[in-house]
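> Take a look at the following structure, please.
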Amino acid sequence: MALNDYIKVMPKVELNVLLHAAIHPKTLATIADQNDITDQLKHFQNWIKQYTTPDVNKLDEVSRVTMGWIQQPDDLKLIVYELATLLHHQNVRYAEISVDPTLFSAVTTSPEDLLTIINDGRDRAERAWGIKVAWVMLIPREEPRKAEEIFRWASTMASRKAGIVGVGVSGKESILPVGQFERPYKTVEKRDVARVIRAGDDLGAQGVQAAVDTLNPTRIIDARGAAESAELLTRLRETGVSVMVNLSRALKNGWVKELSAYPLRTIYDAGVRLVLCSDMPTFYNTSLTREYQLALDAELLSLEELEDVALNAVRASMLDEDGKAAMMEQFKAEHETLRALHN
């Protein structure tokens, strides 16, 4: 078995993929046409083009405009189903998909409505493919008041039973300091809910440190600059914070000139719980399988270490302990079988 085939069929868990940034451009164009957006919006094709050749500095604006085209419950159900199907074809067994409720106001009147609709799409995918999906509710940094409202709702027993396992804040650190979100993070900290923050993209290690000190997150997306501080890496390891990395994002944003320069090895060797993710797969023309392949091709991780990273995703998931244990054993058994075929 060739290495690229090995990577394709490896069992995987996806913990950081944004629903609005995982839509196929053809699906988005079809939805827009059905909702008469193509006739109403000037420069429609320019917006669609942003999904294939995006300006990385305008992704938030593109997301706000294009998600307004999703106006019917069936539109939203479709994009959930298609994403779950895409993940299934990468042999993803379990996924925690991130959803920004503020982007879907054209189709929902309340968070409860949103959850009902996306669960319909999720359930259809599970019936078709067996993939299990849970939700992480993400709020943009410019919405601190909305964060309090959504965090409180998402951490209720009813919301958690309906599949919400985490909450978080995304967006550039320069918009608002992390201190603006301390109260909502503290609200959910005692309720066994994953707490996610995108940090380091603007402020480097300083931003990651501030996020850890102020919010006590369970997961940090990007964590750019953390590898430059041995003290910070030790803190991340000792507190059990998972670091969610997307190599394509780092390359597209110019954080490194070539992937071999990405400090993935430093993070992994420090014992930090490293997890690869697809993050914004449409915008960055990637997938979880591709992120695994990139790490291997750039010689950032060995195949054995890549298997360990795949297990890290299970460890960092919000599956219950029995579910984690069963999936860990299943993954290890499949790794052993695949290695025998590869050798």
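> Under the definition of Cα pairs under 8 Å and six or more residues apart, what whole-number percent is the relative contact order of the chain?
Relative contact order, the chain: 18 percent.
> Applying a 10 Å radius around every beta-carbon, put 198-206, 179-187 in order of their mean neighbour count, most first.
Most protected by this proxy first, the peptides run 198-206, 179-187.
> Let me ask something else. Sort out for me the Cα centre separation of the stretch 256-326 from the stretch 46-106, rounded to whole Å.
Centre-to-centre distance over Cα atoms comes out at 22 Å.
> Under 20 Å Cα-Cα from Lys12, which lysines qualify once same-chain neighbours fewer than 8 residues away are excluded?
Within the straight-line limit of under 20 Å, Lys12 reaches these lysines: Lys132, Lys324, Lys332.
> Let me ask something else about it. Note the full-extension length gain between Leu176 and Met328 as 0.36 nm times their separation in residues minus their Cα-Cα distance, in nm to one decimal.
50.9 nm
> Here's a follow-up. Using 0.36 nm per residue of separation minus the Cα-Cα distance, give me the extension gain between Glu321 and Glu142 in nm, one decimal.
Full-extension gain reported as 60.9 nm.
> In straight Cα distance, which lysines are under 26 Å from Lys146, not counting same-chain residues fewer than 8 positions off?
Straight-distance partners of Lys146: Lys58, Lys77, Lys161, Lys172, Lys186, Lys190.
> When you count, for each residue, the other Cβ atoms within 10 Å and take the mean per peptide, how do 92-101, 289-298, 246-255 rank with the highest first?
92-101, 289-298, 246-255
> Under the rule a/c < 1.5 gives rounded, and otherwise a/b versus b/c splits prolate from oblate, where does the stretch 1-158 land using the Cα gyration tensor?
oblate
> Another question, then. Enumerate by residue number the GluC sites (Glu not before Pro) in the stretch 213-269 meeting two conditions: DSSP loop (anything except H, G, I, E, B), and at most 15 other Cβ atoms within 10 Å of the site's Cβ.
Glu258
> Right, next: On a full-extension model of 0.36 nm per residue, what is the gain between Arg237 and Ser105, subtracting their alpha-carbon distance, rounded to one decimal in nm?
Stretched fully, the Arg237-Ser105 segment lengthens by 43.7 nm.
FYI, it's all coordinate maths here, none of it is from the lab. None of the values given here were measured: they were computed from a predicted structure. Cβ: placed from backbone, ideal geometry, glycine included. Neighbour counts: every protein chain shown.
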